[in-house]
């Protein structure tokens with residue numbers, strides 16, 4: 001979780017990408033091969049954040065004529081989400097490659113397209129910053145562009161052809177070829193007649209990127225917290241706890257002796273003190289954010305409280321924890337950064353495992369953030385994963401929830417396309433084949449975000465495969481393991 005000395009009301013991903021993402025090391029890069037034959041490929045470049053996440057740039061490259069036709073990014077996603085993004089290309093062959101190959105191919109295609117008066121897609125104005133600057137520091141590699149030494153426009157339809165033809169004629173005269181896939185093939189393009197585009201691999205690169213980049217509408221956040229519910233002053237038995245939790249030396253965790261001292265407190269007393277501190281810290285944060293103060297000292301107080309409450313084993317604490325889950329995105333960004341899943345999910349599992357119905361009222365409440373809902377869904381999926389004897393009970397719980405979502409998804413009430421996709425992803429993780437018919441009905445609403453979970457055939461295929469790493473299995477209820485994982489967000 002990134003620490004900051006001053007509070008910035010709204011973190012802007014675009015500004016970060018323009019100003020800072022090039023300071024992050026380049027990670028693995030990927031590309032669909034055989035572009036020399038098809039003239040199109042998808043390239044993926046990753047940047048590695050210190051906290052273990054990745055910012056990813058994806059580029060649809062046309063080496064025959066148009067340069068970078070489409071592009072999008074994903075900001076600070078985790079390893080699981082990166083693997084999910086790559087699995088979206090399971091119907092084609094995608095290979096790991098050197099960054100220099102991707103860099104040279106992109107900038108060479110851009111230069112070739114510019115000769116024809118064609119500029120890159122508007123999204124490239126931002127995603128270019130995920131690439132390195134095009135300087136001599138990148139080893140130069142030369143590739144062949146065009147087809148048979150000429151620009152070849154491969155238009156998907158007549159309107160696309162009509163759009164580009166004036167540009168090509170203005171800049172190239174008659175020195176180019178073109179194909180419209182909607183027209184019958186002729187050999188009048190200057191290409192080899194045996195090189196029939198109908199025989200090229202039928203890969204819808206543009207459609208693939210459109211699906212991955214599209215962001216469906218999400219449920220509107222409407223919750224308004226009542227600040228009077230949060231104590232203005234602390235009234236706790238163990239007064240040293242707040243000092244420990246707000247001490248910057250312990251932002252990422254405690255030494256074993258201090259952690260033991262905390263856990264040696266009788267759990268009923270500890271639960272009450274932790275609950276009061278969490279309510280106090282929540283109200284304090286909301287008041288400071290509302291006041292627009294320039295200087296707000298960020299701490300891990302709320303994170304410590306939520307993780308330690310998991311050790312008390314008292315489900316009554318869920319009332320307070322769920323109240324924090326109702327807060328807005330600024331609250332989450334300020335208190336937890338990207339570590340919120342690590343903080344919430346195991347505690348929700350520990351406190352709600354005996355009675356998952358305790359979460360129903362929260363999930364049926366409109367106007368909350370989808371990510372907050374997703375933490376509850378993953379926590380319930382953990383029950384099926386860690387307690388196989390209760391699988392039938394959890395399957396019934398999810399079946400009821402899917403029925404609830406099917407009715408409300410079109411109106412984005414209590415759920416949206418992202419929440420539905422997160423739900424399906426959790427069900428894939430626990431191989432809930434019993435729910436495939438229910439999932440199909442949910443998908444048939446047309447509102448599920450398939451860029452997250454894939455289409456139904458991909459879901460069914462993933463259900464039948466065993467994956468060593470899944471998000472559900474990655475969370476541990478062990479407190480020391482949780483703090484070990486939490487610590488990596490500070491590196």
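In whole percents, the pair-distance distribution calculated for region 381-491 from its alpha-carbon pairs, binned every 10 Å from zero, is 14, 41, 30, 14, 1. FRET efficiency for the residue 51 to residue 355 pair, using the beta carbon distance and R₀ = 51 Å, is estimated at 0.90. Counted by neighbouring Cβ atoms within 10 Å, the residues 369, 238, 304 run from fewest to most as 238, 369, 304.
Spacing of the modelled spin labels on residue 36 and residue 407, each 7 Å from Cα toward Cβ, amounts to 6.0 nm. Computed on the Cα atoms alone, the convex hull of the chain gives a volume of 169 cubic angstrom per residue. Label-to-label distance for residue 14 and residue 221 is 1.9 nm, based on points extended 7 Å past Cα in the beta-carbon direction.
On full extension, the segment bounded by residue 258 and residue 156 gains 30.2 nm, given 0.36 nm per residue less the C-alpha separation. Based on the Cβ-Cβ distance of residue 23 and residue 445, what FRET efficiency does E = 1/(1 + (r/R0)^6) give at R0 = 30 Å, to the nearest 0.05? FRET efficiency, residue 23 to residue 445: 0.10. For region 227-490, the share of alpha carbon pairs falling in successive 5 Å distance bins from zero is 1, 6, 13, 16, 18, 15, 12, 9, 6, 3, 1, 0 percent. Stretched out straight at 0.36 nm per residue, the stretch from residue 125 to residue 400 would grow longer than its current Cα-Cα span by 94.5 nm. With a simple spin-label model that places each label point 7 Å from the Cα along the Cα-to-Cβ direction, the separation between residue 269 and residue 165 comes to 8.5 nm. Take every pair of alpha-carbon atoms less than 8 Å apart whose residues are at least six positions apart; their mean separation over the length of the chain yields a relative contact order of 15 percent.
Bear in mind that the values in this text are calculations on the coordinates, not laboratory data. Since the model is a prediction, treat every value here as computed from it, not as a measurement. Heads up, the Cβs are rebuilt from the backbone with ideal geometry, glycines too, and the neighbour counts pull from every protein chain shown.
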